[in-house]
Amino acid sequence: MMDIDEFDRHYNNMMNADIIAIDTETTGINGIKDGRAYLQGISFAYRLGPLGIFSGYLPLRHFDENMDKNYVVNRMESILKSKTIVFHNRKFDLHSLKTIGIDVHKFDTTQYDTLVMAQLMNEELPSNQLDWLSKVFLKDEKFDDVIKPWGKTLGWNTIPAGLMEPYAKKDAELTLRLFELFKKDLIDQQLWHLMDTEQEFGTMLFNMEQVGIGVNQDYCSEMLEIGEQRMALIEGVLGFNPASPKELGSLFFDQLGMPILETTPAGKPSLNKKAMEEYDILLESSYNPLARMVLEYRGWQKACSSLYKPMLELVSPDGMVRPNFRQTGTRTGRLSCAEPNLQQIPRKSSNPWNGNAKKAFNAGSDDFMLIGYDYAQLELRL
């Protein structure tokens, strides 16, 4: 493991390097935005001309072999304040670094994100994850065969610093190499100037996630209980499970006489997502009581599984929910949102299952006011 003398040598070298790649290792992904998960160590990589790439790992909050946290944080903060920094998934690393008191988003420095660069370079890539990009563009694979099973089985907070070190250093090295490759490509495509805007946008999303939005937990709990009761009642009246495609198909085609809109490769009627969207429209226009019950069941099922239950599961101890606003979530560049998805909150309607869905949210505290805006065709107008 690295000692202070070795770190000081790296520190002096980094002060003479042009670009520093930074990666963080944490105790988990969920909870990193509110401090329940936290940074365990920082890896770095830099190039010194013809001497090649150098890298290191700084364990700070493992259960063993940690370095002096205050000394390392102070020195790394001076690096982050003065050098051009490269991350892969910058927004996550900003959340991670904040858990040890480093507010990188406030530093007036240039910061790049190879995840965003990959999306900008080619929006048709099937993945922008570090391992996939490294394998395809660098012909180099991560060696994390031990780390992932250990973390998933015993917990990421139990991984020894010595075991984490080569894995973490490799991530920083790959990030630096991808940056060098992607920068050249973006310059050739005359897209490099857009990176300043992407950095600013990413910082804004980071700030949004840090603040979060308040959850009306009492309302979500009440609606979840009502939904589960209604679904159980409807299932009892129908005598079958409306969530079963086989049983639902029997109702649609044998009892309600609905048309077959999609078929499987074997030629049988299909109830895939696309077909069910059209069947929901047919259910809404039907006066058959069976159709109305199935429609209500599906409404409650979706509202409970995608709104009320996730809000209660993902809410932070302070009553706020902090979703993941994904800067690279769509091929068109449009923002996407997950865990939970706050871009698909149903509009006000007479539906009992989601007609007042916006009641699931509040301002979070008396210091904030909750305001709703709905811009018609905003991206097109911009």
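The values are calculated or read from the model by the stated rules, or taken from the named source; none is laboratory data. Everything numeric here is computed off the predicted structure, so don't read it as measured data. Here the Cβ positions follow ideal geometry from the backbone for every residue, glycine too, while neighbour counts run over all protein chains shown. Surface areas here come from the heavy atoms of the whole protein model, side chains and all, with no ligands, DNA or RNA. Shrake-Rupley method; radii C 1.70, N 1.55, O 1.52, S 1.80 Å.
Largest first, what is the accessible-area ranking of Leu295, Leu335 with a 1.4 Å probe?
Descending accessible area places them as Leu335, Leu295.
Percentage of Cα-Cα pair distances in the stretch 1-127 greater than 18 Å, rounded to whole percent?
55 percent
Could you give each residue of the stretch 171-184 its phi-based ³J(HN,Hα) in whole Hz, using Karplus coefficients 6.51, -1.76, 1.60 with θ = phi - 60°, and x for Gly or Pro?
Each residue of the stretch 171-184 in turn: 4, 5, 5, 5, 4, 5, 5, 5, 4, 4, 6, 5, 4, 4 Hz.
Could you give me the radius of gyration and the Dmax of the stretch 264-341, taking only the C-alpha atoms into account and expressing both in angstrom?
Rg then Dmax for the stretch 264-341, in Å: 17.4, 52.
Which value, in debye to the nearest 20, gives the size of the charge dipole of the chain about its Cα centre, when Lys and Arg are +1 and Asp and Glu are -1 at the Cβ?
620 debye
Which far-off residues, 5 or more places away or on another chain, put their amide H under 5 Å from the one on Lys33, with H placed in the peptide plane?
none
Starting from the stretch 107-188, pick out the chymotrypsin sites (Phe, Trp or Tyr not before Pro) whose DSSP state is loop and whose Cβ has at most 13 other Cβ atoms within 10 Å.
Passing both the DSSP loop test and the Cβ count: Phe143.
At a 1.4 Å probe radius, carbon and sulfur cover how many percent of the accessible area of the chain?
49 percent
Rounded to whole Å and sorted largest first, what semi-axes of the equivalent ellipsoid does the C-alpha gyration tensor of the chain yield via the square root of 5 times each eigenvalue?
47, 24, 21
Where only protein heavy atoms count, and the probe is 1.4 Å, what is the accessible area per residue for the chain in Å²?
Heavy-atom SASA per residue in the chain reads 54 Å².
Would you please give the FRET efficiency between Asn272 and Met1, computed as 1/(1 + (r/R0)^6) with r the Cβ-Cβ distance and R0 = 56 Å, to the nearest 0.05?
0.60
Straight-line reach from Lys309: which aspartates and glutamates fall under 17 Å, measuring Cα to Cα and dropping same-chain residues less than 8 apart?
Within reach: Asp218, Glu222, Glu225, Glu228, Glu339.
Roll a 1.4 Å probe over the protein heavy atoms and report the accessible area of Ile29 in Å², nearest 10.
120 Å²
Name the lysines eligible as straight-distance cross-link partners of Lys183: C-alpha to C-alpha under 28 Å, and not fewer than 8 places from it in the same chain.
List returned: Lys81, Lys83, Lys91, Lys98, Lys106, Lys135, Lys139, Lys142, Lys169, Lys170.
Please report the orientation-averaged projected area of the stretch 162-295, defined via the convex hull of its C-alpha atoms, in nm².
Averaged projected hull area, Cα only: 17.2 nm².
Choose one of Met311, Met204, Tyr287: the residue whose Cα lies farthest towards the positive end of the charge dipole of the stretch 191-346 (beta-carbon charges +1 Lys, Arg; -1 Asp, Glu; about the Cα centre).
Projecting each Cα onto the dipole axis, the largest value belongs to Tyr287.
Limiting things to C-alpha atoms, what are the Rg and the maximum Cα-Cα separation (Dmax) for the stretch 79-166, in angstroms?
My reading of the Cα-based Rg and Dmax gives 15.4, 40 Å.
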